[in-house]
Every structure is written in structure tokens, then in C-alpha cells.
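Written out below as C-alpha cells is the structure these notes cover.
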Amino acid sequence: MNIKKTIFEGEGVTLDFKKTITSCEKIARTMVSFANNKGGRLLIGVADDGTIKGVKSEDEERYMITRAAQMFSKPALEPKFEEIYVDDKMVLVVEIPESDTKPHYALAEDGKWWVYVRVKDKSVLASKIVVDVLRHQADSKGVLIEYSTNEKALLQYLDEKQRINVQEYCKLLKLSRRSAQRILVNMVLSGVLRIHTTEKEEYYTAA
């Protein structure tokens, strides 16, 4: 791994910099979002702007990460560690592989368990629909879609407008939020729709 090149590419969906680990809750959130996505790497000892500061106490950082992975993540995660030296400074690389037991939850400061996903360089709280999609993808049972008027109307709408969110779909067909979510989950799982999560909103397009 060329660490300088990796740092130069900057934080993103699969990379996060941490100067030091200050909270098990916060680091669990990042690790869970990696596991729920395509996996990712944490570079400990690197500031947000990419400056290599080095790890002061490697044992302490490993302890915090291991504790966060086991006690603050559900199901527990198994991070892999690697030490890389750059100009006499040590960077601790923590690899979180993509999980095959999604969704993973992180324990928050309020004592509740929440699912997070990675959006660009942030760990974002997952919506109920995303949690359902992650859960069913892990089951990997094929979803059989029967095109009723609700599904047909949705595809017709997307043909004209290109995108839709849950509220718009509920309004379009006078559906309850629960019914709309169930239809959207099935259509995402069957590959008919694509789900887009940003920090501000979540919307759907035809796949």
C-alpha cells in the first residue's frame, strides 16, 4: 500500500483519516458504515487535511478500535491492523472488510443501536428502507415482483420525472408510508430501482 498516494486521494467512501481515537461510539459508527458498504480503511495518525501526525500510543489506539468493534458494533466486527512508517512516524491502518452479515448497528451515546452507511466521506444514519434492503440482501432470497398498478404507476412517473422520494410516492398513489416502503424495498432488491442516499435526502431512480 502506497500510503502517501492513498492520503493524497483524500477521504471518501472507503477511506477515513483519524488523528487519534477519542470515542468508541464515533469510531464504531465509521467502522459499521464501512462494513455495511463496500468495506474501507481507517488511517490512524493522519489529520483531516492529510498531514501525517503519527500515532502516539499504538496500544491505546488498538484497544479503542478493538473495543469499539466488539462492544459498540452489532454484530461484532473484526478489524485487521497494519503498521506503516512514514518519515519515522507510524500510521496505524485499520481494514474493515465488507460484511456478509449486514446490517451492522453502532451503539450511540443515547444507548440506542443505529445503522450507518457511508455517503462520500461521511457516516450517515440509514433510513428504514436502506436497513430493510441491507437485511434482505444478506438473506439473498430472490424477490419476485408482481407488477400491480402501484409498481406500474411508479415506473411511469420515473419515465417522466426521472426521480422520486418516499413522500412523493405516497402522495402519488395515496399509499401509507409502510406500503410505499415495502414496494420500494422489493423494487430495489429486484434491481428495478436504484436507491440514492445523500446527507440531505434519499431518492430513487430507475436502474
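For the set HIS136, HIS196, HIS104, solvent exposure ranked by accessible area (probe 1.4 Å, protein chains only) runs largest to smallest as HIS136, HIS196, HIS104. With the simple model of a label 7 Å out from the Cα in the direction of the Cβ, ARG194 to LYS74 spans 3.4 nm.
Over 29 Å between C-alpha atoms is what I'm after, so list which of LYS74/LYS174; LYS4/LYS200; LYS26/LYS128; LYS128/LYS152 land there. As for pairs spanning more than 29 Å Cα to Cα, those are LYS74/LYS174; LYS4/LYS200.
For LYS171 and ASP49, what is the calculated FRET efficiency with R₀ set at 30 Å and r taken between the beta-carbons, to the nearest 0.05? All intermediate terms of the calculation are to be shown ahead of the outcome.
Values: r = 44 Å, r/R0 = 1.47.
Taking R0 as 30 Å, the efficiency between LYS171 and ASP49 is 0.10.
Which value, in nm² and rounded to one decimal, describes the direction-averaged projected area of the C-alpha convex hull of the chain? Averaging across all directions leaves 12.9 nm² for the Cα convex hull. For LYS152, the solvent-accessible surface computed with a 1.4 Å probe is close to 120 Å², ligands and nucleic acids excluded. Within the listed set ASP48, ASP88, ASP16, the residue fluctuating most in the Gaussian network model of the chain (springs between alpha-carbon atoms under 10 angstrom) is ASP88.
Excluding GLU201 itself, what net charge comes from residues whose Cβ is under 13 Å from its Cβ, given Lys and Arg +1 and Asp and Glu -1? Local charge sum for GLU201: -1.
With +1 assigned to the C-beta of every Lys and Arg and -1 to the C-beta of every Asp and Glu, and no other charges, what is the dipole magnitude of the chain about the Cα centre in debye, to the nearest 20? Walk me through the intermediate numbers first.
Working: 33 positive and 31 negative charges, 155 e Å.
It works out to roughly 740 debye.
Across the accessible surface of the range 30-156, with the other protein chains kept in place and a 1.4 Å probe, carbon and sulfur atoms take up 49 percent.
How much mean residue ellipticity at 222 nm does the chain get from its helices, if each DSSP H run of length 4 or more adds -39500 (n - 2.57) and you divide by all residues, to the nearest 500 deg cm²/dmol?
On the way: 7 runs with 80 residues, N = 207.
Estimated from H runs of four or more residues: -12000 deg cm²/dmol.
Relative contact order of the chain, taken over Cα pairs closer than 8 Å and 6 or more residues apart, is 19 percent. Each peptide among 155-164, 117-126 gets the average number of other Cβ atoms lying within 10 Å of its residues, and from highest to lowest they stand as 117-126, 155-164. Which residues' amide hydrogens lie under 5 Å from the amide hydrogen of MET90, considering only partners 5 or more residues apart or on another chain, with H built in the peptide plane? Under 5 Å from the amide H of MET90: VAL55.
Entry note, the range 1-119: relative contact order of 32 percent, from Cα contacts under 8 Å with a spacing of 6+ residues.
Given 0.36 nm per residue, what is the gain on full extension from GLU58 to SER179 after removing their alpha carbon distance, in nm?
On the way: separation 121, 0.36 × 121 = 43.56 nm, distance 4.97 nm.
Stretched out fully, the GLU58 to SER179 stretch lengthens by 38.6 nm.
The values are calculated or read from the model by the stated rules, or taken from the named source; none is laboratory data. Predicted model, so just to flag it, every value in this text is computed and none were measured. All Cβ positions, even for glycine, are placed from backbone atoms using ideal geometry, and neighbour counts span all protein chains on display. Only protein heavy atoms, including side chains, enter the accessible area calculation; ligands, DNA and RNA are left aside. Shrake-Rupley method; radii C 1.70, N 1.55, O 1.52, S 1.80 Å.
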